[in-house]
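Heads up, the thing below is written out as structure tokens.
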Amino acid sequence: MTVSKMLLGVAVLLGLFSPGLDKTMRLEKPRPMSAPIWPGESAPLDTNRLALVIGNSTYPDAGSPLPQVARDAESLTNALRKGGFLVDAIDNATRLDMTRAIDQLRARAHLHSIALVYFGGFGIQSDGQNYLVPVDAKIWSEKDVRRQGVSIDRLLSQLKTSGVRVRAAVIEASRRNPYERRFRTYSHGLAAIQPSENALIISSAAPGQVVEDPDEKHSQLMTALLTQIDSSKGIEEVFSNARNAVVAATRGRQIPDVSSTLTESVNLWPARNGVPCPPSALRLAVVASDHTYFC
């Protein structure tokens, strides 16, 4: 075979495989949701405050889509970006999407980081642990849950070992298990989550309970969070107030679960309290009035 024919063959092969290569490259970074809806009003980007927002609203094996999840994830993304958070947001994430997004979050973390993770979609408990379900999961047994799901406990542990100082999570996954008809045993809702030191978690329902999605723009929990998050309160108070608001709005039918091991007071929006932030290159935590503000 001549050199020219060999080169022609290589060119043909590259042309055939380029769509696949392009798809792989696109997965290297989380797919962004829509841009913030407040043009010109966002705070300066703060690389000490990181967030990962995952909204899984379309599962092939589920009976129907979860449109509310998409709206919740997008509104939270916009609120966090408006406040200066560096946010990665992905919708209908496969397991590969989720693991790569988590790896990217970990790579950005440093000693003074505060990281907030949101997941909306289906979650399943197995052997006392909770797993977030990617949209491409093929689940026929509890073993598949553990193999194809993303463990909440492991995610929080990974963030801790990556140097994230404060970890917060919002988990809206206390829905009826869409795969339970395939299991020999039934498990409703999520198991209790025990966060490690300096972590804060709010789940949409108490352990073992499920939540029905209301016919409204946002879930009860997201409605409460979006109201509370736009304040100058500490994150622990924001989560607690959101929990109380959901209980009041549902007359006790839905009781979000809040677990906290925070050892310091953390404010989501330091600039709103008039606390001066050092230059971003210094990446310091400012302490004022017995509160720690990550700048």
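Some points to look at:
- Distance in nm between pseudo-label sites at Glu264 and Glu237 (7 Å out along the Cβ direction from Cα): 1.8
- Packing-based ranking of 243-250, 67-74, 145-152 yields 67-74, 145-152, 243-250, ordered from highest to lowest mean Cβ neighbour count within 10 Å.
- Nitroxide proxy distance, nm - points 7 Å out along Cα→Cβ at Leu226 and Thr161: 3.7
- In terms of its C-alpha gyration tensor, region 141-275 has an oblate overall shape, because the principal axis ratio a/c (a ≥ b ≥ c, square roots of the eigenvalues) is not below 1.5 and a/b does not outweigh b/c.
- Each part gets one Cα centre, and for region 202-226 versus region 48-90 those centres are 14 Å apart.
- Over 32 Å between alpha carbons, listed pairs Lys82/Lys217; Lys160/Lys217; Lys143/Lys217; Lys160/Lys233: Lys160/Lys217; Lys143/Lys217
- A straight chain from Ile255 to Thr58 at 0.36 nm per residue would run longer than the Cα-Cα distance by 68.4 nm.
Read-outs: derived from the displayed coordinates by stated rules, not from any lab. This structure is a prediction, so every number in the text was calculated from the model and none was measured. Every residue, glycine as well, gets a Cβ built from its backbone with ideal geometry; the counts of neighbours run over all protein chains shown.
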